[in-house]
1. Need the C-alpha centroid separation for the range 327-406 versus the range 610-655, integer Å.
2. With a 1.4 Å probe and all protein chains kept in place, how much accessible area does residue 632 have, in Å² rounded to the nearest 10?
3. If each of residue 66 and residue 244 carries a label point 7 Å out from its Cα toward its Cβ, how far apart are those two points in nm?
4. At what distance in angstrom do the alpha carbon centres of the range 187-212 and the range 226-272 lie from each other?
5. At a Förster radius of 41 Å, what calculated FRET efficiency corresponds to the Cβ-Cβ distance of residue 427 and residue 496, to the nearest 0.05?
6. Obtain the nm distance between the two label points defined at residue 1 and residue 279 by a simple spin-label model: each point lies 7 Å from its Cα along the Cα-to-C-beta direction.
7. Which of the listed residues, 584, 42, 296, is farthest toward the dipole's positive end in the chain, when Lys, Arg count +1 and Asp, Glu count -1 at the beta-carbon?
8. Can you tell me the orientation of helix 454-469 relative to the chain, as the angle in degrees between its alpha-carbon axis and the longest Cα principal axis, to the nearest 10?
Amino acid sequence: MDITYDSRTRVFRLDTGNMTYAMGVVDDEGFLGHLYLGPGVGNDDLTYLSRAIEYPGLPSKNNRDRCSFLDFFPHEYPGEGVGDFRSPAVRVTKDGISPGIQPLYKGYRIIKGKKRLEGMPSVFGDEKDSETLEIEMSDETAGVKLFLDYTIFEGINAVVRSVRAQNTGDTPVTLNRIMSFSADMDRPGETRLMTLNGSWGRERAKQIIPVGTGFAGVSSVRGVSSHQSHPFLGLLSEGADESQGEVIGLNFIYSGNFLAQVEKGQFGTLRVQMGIHPMGFYEKLQPGESFQSPEAVLVWSDSGIGGMTRTFHELYRNHLIRSPWLHRERPVLINNWEATFFDFDLEKLLKIARRASSEGAELLVMDDGWFGRRNSDNSSLGDWYVNEEKLPGGVKRLSEELAAIGMKLGIWFEPEMVSPDSDLYRAHPDWAFSIDGRKPCMAREQYVLDLTRKEVRDYIFDMISKVLDSADVAYVKWDMNRPLTDVGTHAADAGDGGLFHRFVLGVYDLQERLITRYPDLLLENCSSGGGRFDPGMLFYSPQIWTSDNTDAIDRLSIQEGTAMIYPLSTMGAHVSVSPSQSCGRKTPMVTRGHVALAGTFGYELDMDRLPGEDSAQIRDQIALYHRYGELVREGDYYRIESWQDGSMCDCYMVVSKDKTQALMTWVQVLAHTNLKSRRVRIPGLDPDREYRIEVADPREGNDGNGNRVSPNELNCMSGFLGKTLTGATLSGAGILMPRLSGDFRSLLISFDSRG
Ligand code: DGJ
């Protein structure tokens, strides 16, 4: 890991060992060019990559065609209105009029370690494992300085970028656009773009399209990162696939509106940008004031999409997620939502908890409906005091009753919301976002609280703290069930800036206060399922509810898309009933358990109401979670086959860091007639080690009717089950996976070389 500046060539290099990111200062004016991103290159003069000697040449030599130069130059951080017609990285106005902006290089600093961003999520690192470059750019006419920050980490092929804009003039300046990442990349060959798109219950479905001339990308203006699009872009070089080829991934450490786009220009270069969505964003800066953008992460991989994934996992586990729970085994939880919805009381909860505890569950999550007069979704958000009719003795009694059976308590909140039918709204109707003269748009019969106001945040925090202080609460599920609309404030001291961004900062402020006051609290974020699963939220909570869709087969692609970027330990994954309440599919209990093992494990059902052959499996499932929990939480994740890519199977595996142990999950989604076994190569193992191969689940192959797999089904594996093969044979020749009878069947296979 090394950041260098060569004063002779005026080239900056960020080297991580096998990746180089290079920029160069060009011409006397100080244009900053993006020179290179790719495999580590020699210590050569890279200035030729700016192509500044190509026609029309530098403005100092040919100012006549300055515009052609600016519209062709590979900018690192382009301005607006002065000769480059591609999307700007930054735009400012004064009294509504753009003075134009062209950031030019002024100076730099290289510092050990990584600064933390104030009031926002940011990666962290110390002086030994990280290094930061700060480049100062300025436009004197606009009266704006920009400080571009780049951090790299020991052993990780990633660059984390952010930008601070400062008003250095003597009149106010309004910032209308500030991308956290921008670079004009010259990628040889065709590039494909990967995005993760979706909807409620179908979050983060992978899409790969060719990048043609013009724009491609994703964005959200819903106030949250959203179910529909995800703050991620993947750029796949020609020939890149799961295990080979160059892949670039960009991810935004932010939980609100975002824009992520690729603009392929007239000369075939790609302007790649990621930042806060300019719609609804502005920030008026008085002389001397600054605005700090959120961080964007760039990951580079020369080992395909899988390499990109593992680099993100590594970066986030070591430099983003702060929770003390990150490396701890999370309690097996039982959540009452899908079991009862709003229809519960103390007795019902305790009955669910007692049964779950007897099976090995460790924590009861009391979901929506315990507060105010909330018996459906049409009231009481904001009234965070317990409904004693449902819970006599309050949360305290519930937690004590749970403690008596050895269980911990978790509680659901939706702190950002208010129901029109609530004491809070009746007392403070002006605390909800609304625009004067416009009836606010309802969603799930609720409004969004104006968390840009400190008094609103203080009130909500106080209410939540009273509940948490009243009892022994180990876990909080922080939900958020509607997008932002009618974003107008009634605050007298609102200041001059876009409310969408300030709202996000308000959420961050509340979550920071929560984890500071309750440092051991296990916080799980959630937004109508996985509507705000982003790295910003992971700075506060080590896990996020992945989707309200708990159908095991739909979950294969939802979890695959989520794990594209985020470690398995961050994905809430629960076993629920069959037929699935979301899509009606019938799935064997074995498969439901296997698929849920890929995340933070739990149940979303009433065990008493399960068919006997299903509930008889719970103990074994929980035992599997305890056995493989650490491996799943800490190991390296490999995708092998993908159902959403058209394969009839879905297969992935986790390998321990020391490569002594691995667990493979195989789901045969649809059965077909008269097929033979399928050969599967096993990635990620140590070629020189001998691995003992076993079926990992004692109930392996259960066909959903409580019957064990017929021995015939495993016949094709008899040559290696219970025996050893070397990692080299496993990665080259692979193993044979059986064709099971029936749809939605699964197998867990373990590889163990620990002797
Ligand atoms: C949406 C969440 O995703 C569910 O798990 C549940 O908590 C409901 N909200 C409760 O309203």
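1. Going from one Cα centre to the other spans 27 Å.
2. Here the accessible area works out near 20 Å².
3. According to this spin-label approximation, the distance is 5.0 nm.
4. 8
5. On the way: r = 28 Å, r/R0 = 0.69.
Approximately 0.90, to the nearest 0.05.
6. 3.8
7. Sorting the options by dipole projection puts first 584.
8. So the inclination is approximately 30 degrees.
The values are calculated or read from the model by the stated rules, or taken from the named source; none is laboratory data. Because the structure is a prediction, the values reported are computed rather than measured. Methodologically, a virtual Cβ is constructed for each residue, glycine included, from the backbone with ideal geometry; neighbour enumeration extends over all protein chains shown. SASA here: full protein model, heavy atoms, side chains in, ligands and nucleic acids out. Shrake-Rupley method; radii C 1.70, N 1.55, O 1.52, S 1.80 Å.
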